[in-house]
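*Asks:* Quick one: the structure is below, questions incoming.
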Amino acid sequence: MTEEDAVNRLQSVDLFRLLAPFEIRRLVRASTTKRWGDGEEIVSEGGAPTGFFLILEGTGKVTKHGKQVDTVSANDYFGEISLIDGGARTASIMADGEVETMEISQSMFRTVIDAYPGMSHQVQLLLCRRIRDLEASDPNSSALD
């Protein structure tokens, strides 16, 4: 993937749409890409936050407490919750076939969040949306439990 392709991919992510093009390039240059084989665990529930991940290609299975709860595929992202609050990963994600990811380290993600108050607000809105979606999918549970 070229740098320009990576820039375009990150610009399409709602978290980063408020960033200036030079900041997107900065993130791309600081990111790493990795290929994961079928069944490889990308992140582990309960694990320490290491980075923000964007799926470039392929599909991953999202599991909580050993049960599949969702899937992620190209242009989906994960890891922002743990990076913001420093808490453990809330789910595991395992490659379902070949998967390619772009990872932005915790320190770089925090640097950008701290530098752009508008991005912090955007992250808050997206996290609220995720909480509402979670509550809507299981009316018997509360994200506040």
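The values are calculated or read from the model by the stated rules, or taken from the named source; none is laboratory data. All figures in this text were calculated on a predicted structure; none of them were measured in a lab. Because the Cβ atoms are built from the backbone with ideal geometry, glycine has one as well, and the counts that use them run over all protein chains shown.
*Asks:* Go through (1) of a type in the set (Asp, Glu); (2) over 21 Å from CYS128 (Cα atoms); (3) in contact (Cβ under 8 Å) with a residue 60 or more places away in the chain and name the single condition GLU40 misses.
*Replies:* (3)
*Asks:* Do you know which residues across the stretch 78-108 are in contact with a Leu (Cβ under 6 Å, 6 or more places away or on another chain) and at pLDDT below 90?
*Replies:* Of everything in the stretch 78-108, those that are in contact with a Leu (Cβ under 6 Å, 6 or more places away or on another chain) and at pLDDT below 90 turn out to be ILE104, GLN106.
*Asks:* GLY79 is checked against (1) in contact (Cβ under 8 Å) with a residue 24 or more places away in the chain; (2) under 14 Å from the mean Cα position of the chain (by Cα); (3) surrounded by fewer than 19 Cβ atoms within 10 Å (Cβ to Cβ) and fails just one. What number does that condition carry?
*Replies:* Unmet for GLY79, out of (1) in contact (Cβ under 8 Å) with a residue 24 or more places away in the chain; (2) under 14 Å from the mean Cα position of the chain (by Cα); (3) surrounded by fewer than 19 Cβ atoms within 10 Å (Cβ to Cβ): (3).
*Asks:* Output the residues belonging to the stretch 20-48 that are under 13 Å from MET108 (Cα atoms) and either buried (at least 17 other Cβ atoms within 10 Å of the Cβ) or not hydrophobic (A, V, I, L, M, F, W, C) (or both).
*Replies:* Within the stretch 20-48, the first condition is being under 13 Å from MET108 (Cα atoms), and the residues that meet it are 23-32.
Once the filter is applied, which keeps residues that are under 13 Å from MET108 (Cα atoms) and either buried (at least 17 other Cβ atoms within 10 Å of the Cβ) or not hydrophobic (A, V, I, L, M, F, W, C) (or both), the stretch 20-48 yields GLU23, ILE24, ARG25, ARG26, LEU27, VAL28, ARG29, SER31, THR32.
*Asks:* Oh, and also: Report yes if some residue within the stretch 50-61 is crowded, with 18+ Cβ neighbours inside 10 Å, over 23 Å from ALA136 (Cα atoms), among the hydrophobic types (A, V, I, L, M, F, W, C) and more than 11 Å from the chain's Cα centre (by Cα); otherwise report no.
*Replies:* yes
*Asks:* In addition: Checking VAL69 against (1) outside any loop (DSSP other than H, G, I, E, B); (2) in contact (Cβ under 8 Å) with a residue 24 or more places away in the chain: exactly one of these is not met. Which one?
*Replies:* (2)
*Asks:* Need the failing condition index for ARG17 against (1) of a type in the set (Lys, Arg); (2) closer than 14 Å to MET119 by Cβ; (3) buried (at least 17 other Cβ atoms within 10 Å of the Cβ), just the number.
*Replies:* Single failed check for ARG17: (3).
*Asks:* So, VAL112, is that one modelled with pLDDT of 85 or more and buried (at least 19 other Cβ atoms within 10 Å of the Cβ) or not?
*Replies:* Details: modelled with pLDDT of 85 or more: no; buried (at least 19 other Cβ atoms within 10 Å of the Cβ): yes.
Judged against the criteria, VAL112 is not a match.
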